[in-house]
Amino acid sequence: MKIDIITIFPDMVKSALNESIMRRALGLGLAEVNVFDLRDYSLSKHKKVDDTPYGGGAGMLLQFPPLYEALKALKKENTKVIITSPRGKTFNQKMAEDFSKLDHIIILAGHYEGFDERIYHYVDEEVSVGDYVLTGGELPALIMTDAIVRLQEDVIKKESHENDSFSNGLLEHPHYTKPATYKGHEVPEVLRNGNHQEIAKWRHYEALKQTYIKRKDLLEKYELSKEDMKLLAQIKIELEEE
Ligand SMILES: C[S@@+](CC[C@H](N)C(=O)[O-])C[C@H]1O[C@@H](n2cnc3c(N)ncnc32)[C@H](O)[C@@H]1O
């Protein structure tokens, strides 16, 4: 799959992609991410891409023509065009999974006060990364790219993201690594006894517990089995006793 990011700060985006798992994944060709400078699509001599808003008001807007020209140059028949915006639908794991199955995505990163509204005629989806306002769409574009590329085959182990928070509808269970004891804090015994069935049971119980404590809204959408109901009752008692 291919992601094209259109931005006025290409170096910022490129530098974040050049680290850690993203660097490895892109280096191995497990996904392709290209970063385009919106200025290269400017129609003006001085590569201008912003201007003041009609009707007055603070700040600058990204102009319609360079955005249009960039999409015209990069968009193919099977492309999904995503615009980053606090007004959009909030990005989540389900969207990352859906986007990860697409062939080609273009992400438009805004800046200043945002975009000339006319570009929305050429956009398929408006996506926000949360109810707050950032200075630009570069971080949202990177957040989406990271979440999408991470799901491509062989980027990380399949079991690893299948157990991640949100993937199966619950938050993830806690993890521990060596040493087994430090400053009086012990790793739960069950994780050290090598009984994989017991470990799986413990992890499921803890995932339910984390979700119950931190994100009850997720439990409302989760299909609880009869066994889960019993576990939840147990969790409630356990928490009351704490
Ligand atoms: C300062 S913001 C513009 C905010 C805009 N005037 C508004 O109130 O909705 C500049 C750009 O940053 C990006 N941006 C800021 N916050 C975002 C968020 N929560 N999710 C996605 N993109 C965001 C968008 O690309 C936006 O066009």
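Could you check which residue among Glu77, Glu126, Glu117 shows the biggest mean-square fluctuation in a GNM of the chain with a 10 Å Cα cutoff?
Per the Cα network of the chain with a 10 Å cutoff, Glu77 tops the list.
The range 153-222: which GluC sites (Glu not before Pro) are DSSP loop and have at most 12 other beta-carbon atoms within 10 angstrom?
Sites meeting the loop and neighbour criteria: Glu153.
Can you compute the charge dipole magnitude of the range 2-158 about its Cα centre, using +1 on each Lys and Arg Cβ and -1 on each Asp and Glu Cβ, nothing else charged? Give it in debye, rounded to the nearest 20. If you can, show how the numbers build up before the last one.
Values: 20 positive and 24 negative charges, 58 e Å.
For the range 2-158, the charge dipole is close to 280 debye.
Which of Val187, Val129, Val81 moves most in a GNM of the chain, Cα contacts under 10 Å?
Result for the chain, Cα springs under 10 Å: Val187 fluctuates most.
Within the accessible area of the range 1-80, what % is carbon and sulfur when the probe is 1.4 Å and the other protein chains stay in place?
In the range 1-80, the share of accessible area belonging to carbon and sulfur is 52 percent.
Where a Cα-Cα gap under 27 Å defines reach, which lysines qualify for Lys209, not counting those fewer than 8 residues away within the same chain?
Output for Lys209: Lys94, Lys157, Lys158, Lys178, Lys183, Lys201, Lys221, Lys226, Lys230, Lys236.
Using Cα pairs closer than 8 Å and at least 6 residues apart in sequence, work out the relative contact order for the range 2-158, in percent. Let's see the in-between values first.
Details: 268 pairs, mean separation 47.0, N = 157.
Rounded, it is 30 percent for the range 2-158.
Using Cα atoms only, what is the angle between the long axis of helix 226-241 and the major principal axis of the chain, expressed in degrees (0 to 90) to the nearest 10?
Relative to the chain, helix 226-241 is tipped by roughly 80 degrees.
Give me the accessible area per residue for the chain, probe 1.4 Å, as a whole number in Å². Mind showing how you got there, number by number?
Details: 14750 Å² over 242 residues.
Per-residue value: 61 Å².
Can you order the peptides 67-74, 225-232 by their average number of other Cβ atoms within 10 Å per residue, highest first?
Numbers: 67-74: 17.1, 225-232: 12.5.
Per-residue Cβ counts within 10 Å, averaged per peptide and sorted highest first, yield 67-74, 225-232.
Of the heavy-atom accessible surface of the range 181-241 (probe 1.4 angstrom), what whole percent is carbon and sulfur?
Carbon and sulfur: 51 percent of the exposed surface of the range 181-241.
Starting at the first residue of the range 138-146, write each ³J(HN,Hα) from the Karplus equation 6.51 cos²θ - 1.76 cosθ + 1.60 with θ = phi - 60°, in whole Hz, x for Gly and Pro.
Karplus-based 3J(HN,Hα) across the range 138-146 equals 5, 5, x, 5, 5, 4, 5, 4, 4 Hz.
His104's amide H: which non-local residues (gap 5+, or another chain) put their own amide H closer than 5 Å, with H modeled 1.01 Å from N in plane and none for Pro or chain starts?
Those qualifying (amide H under 5 Å, at least 5 residues apart or on another chain) are Lys2, Lys80.
The values are calculated or read from the model by the stated rules, or taken from the named source; none is laboratory data. The shown structure was predicted, so the numbers you read here are calculated from the model rather than taken from an experiment. Cβ: placed from backbone, ideal geometry, glycine included. Neighbour counts: every protein chain shown. To get the accessible areas, we keep the full protein, side chains included, count just its heavy atoms, and leave off ligands, DNA and RNA. Shrake-Rupley method; radii C 1.70, N 1.55, O 1.52, S 1.80 Å.
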